[in-house]
Structure formats: structure tokens, C-alpha cells
Amino acid sequence: MENTRIIFMGTPEFAVPVLKMLHENYQVILVVTQPDKKVGRKQILTPSSIKSFALEHGISVFQPNKIREDFEEIMELKPDIIITCAYGQIVPKSILDCPKFGCINVHASLLPKYRGGAPIHKALINGEKETGITIMYMNEGMDTGDIIEKKVCKIEDNDNVGTLHDKLSEIGATLLKEVLPSIIRKTNHREKQNEEEATYAYNIKREEEHLDFSKTGKELLNQIRGLNPWPTANFILLETEIKVLEANFKEGKINEIGIIKEITKDAIGITCQDGILFVTKIKPFGKKIMLTKDYLNGIQKEQIMNQKVK
């Protein structure tokens, strides 16, 4: 099995443990990843995490702008199996039909729930108590292929996107290592997805980052941790965007929502549907991430008390 010729397709840091496992145990003949992107204020052209790993370990890299139009290099290599993990483009049927052991995907949810590009974010935002990893065969749909294996991961109350991302990333690598030999031997379990149970987790839109204080405190807390550390929840105060990374909540009777009603030494308290959301860690526009207490030390508190946030 060590001679099994694998092409790996992936892009972000989430996929690195999977590629690392494959590199240590199999023959990875090519890595396919997204083109380098301009990052930060200076727009520096930056390779993906997967490209960086591949180059460090002497693995050839292919970066098509549109894999649907540019895939001959993959076909010419005649891989035994193709494995994808958070690649970021829809793979055409020509590639799906190419390897003799099929195309396998490592997906960060318990399919058929949360198909799509933001399953970790949406599981947290929706207040799920558990999520997991699914190893599946790929087809032409979006995460609709037959399930090979799943592993559940409990969502802790203090989890956010960052912590859950890291846990699921490692689970994905471990689970794939366990099932890949049976896939190559063609003795693995295979189960069709129940379409009636399918839900979708499309990529986060800009408007989904904005905090709506007509929601309950619990919903707001789930939204904050479901967007932390990226892309981050926000509200507008005095025409300035404030990104919110951490908060806590106190239940109570409220007359008007979205008003700064309490300021403690550590937090700004904003009214919501069923109480006050105390924002404790923020990133004001143009500034670094800071504790709210440090932000409060640099302003006159009277300027924001009783202000309505947007």
C-alpha cells in the first residue's frame, strides 16, 4: 500500500495534518492547491498552507486557476486515488472518474448535515453540541457522495472556530489513516446519504458577521464563537466597526435593544432580546486585538454610555 500513488488536493491549514499523514505513509505524487493569494494591507502574494508543506517536503505542486478547465496534468499522472480536504473548487467528473480507487474527501461535519464550505462555523453558530469528520466518496454534487466512515467530536462550551478547527483537523488525519487501507483493498463500508436529513453550510457572507441585538444572548454568543478567530463578528459604534472576539451574557428584562447600558472595568454591556451582552475582547477598526478593559482605558466612557450600536 505504501506504493499507492496519491494525488492530494487541499488548500488551508485544516488540510495539513491529512497531507502530513499521507506523506509519511504513502506515495504522494502531486499536491493540487489554490493559486497564491494577496494577503494583508500590503497585498503580499502568499502561498497556501498546503503549498508551503508540499514544497518543504519535496512534493510537486499544481495550482490551476480553474480546475474544471485545467486538469490534464492530473490525468497524465494516472493516480491510484485522489484525496481532497478543503480544496475550495468543484472537481470535474473527468477527475472523479480517473483513479481506480476513486476520489475520497475528508469533510468537517457529520454528513449529510452541513454540506458546503463553512461546516465548522455553522455548527457553532447554530449551537450544535457535536460535530465530526466524514470520510466519503466524491461525486459531482457538493458533499453528496457515499459515506465511508464518520467520527463524532463533542463541541465544548468554550470552543470557537479556531479550537474546533484544530481538533477536527487532527481527527480527519487519524480517521483517514484508519480507513484508507480498506478503501485501497475495496473492503470498506459504503453508505448512501439520506437526502431528507441534508443541511447546508455555505461560506460565510459579510452580512452574517454583523451582530443583530434583537437576538437572544445565547444566539449572540454562538455567533461570536462561531466566527472567532475568523472572519469575526462585529457591530458599529459611533460609525466605527468593532470586531468582537469574546463576550459573556447576563439575563434580564430589557426595554430597548442594542443600547450600551452598562460599562464595567472589563466590558461593554449591550442590551439584547433577553438581557445584556458583555463584550470583553475586541478589535476596533484599524487597531490590534485587545481586551475591552484596555479599550476603555483609552476613551471617555461618557462618549459611549447609552449609545445605540448598529
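Data overview
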item: Whole-Hz couplings from phi, Karplus 6.51/-1.76/1.60, listed for segment 115-126; x for Gly and Pro; result: 6, x, x, 10, x, 5, 4, 5, 4, 6, 4, 7
item: Amide H partners (placed H, <5 Å) of THR84, local residues excluded; result: MET9, ILE104, ASN105, VAL106
item: Rounded to whole Hz, the Karplus (6.51, -1.76, 1.60) HN-Hα couplings of segment 65-82, x for glycine and proline; result: 5, 9, 5, 5, 10, 9, 9, 4, 4, 5, 4, 5, 7, 6, x, 6, 8, 10
item: Packing-based exposure ordering (other Cβ within 10 Å, fewest first) of ARG206, ARG190; result: ARG206, ARG190
item: Residue order, fewest to most surrounding Cβ atoms within 10 angstrom, among GLU207, GLU149; result: GLU207, GLU149
item: Helical contribution to [θ] at 222 nm, DSSP H n ≥ 4, -39,500 (n - 2.57), averaged over the chain, rounded to 500; result: -7000 deg cm²/dmol
item: Ordering of 157-167, 24-34 by burial proxy (mean other Cβ atoms within 10 Å per residue, highest first); result: 24-34, 157-167
item: Rg to Rh, two decimals, where the chain supplies the alpha carbon set and Rh follows Kirkwood; result: 1.05
item: Share of Cα-Cα pairs in segment 199-281 lying beyond 14 Å, as whole percent; result: 61
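Since every read-out is calculated from the coordinates, none of them should be taken as a lab result. All values derive from a computational prediction rather than experimental measurement. When we count neighbours, we look across all protein chains shown, and the Cβ atoms used for this are built from the backbone with ideal geometry, even at glycine.
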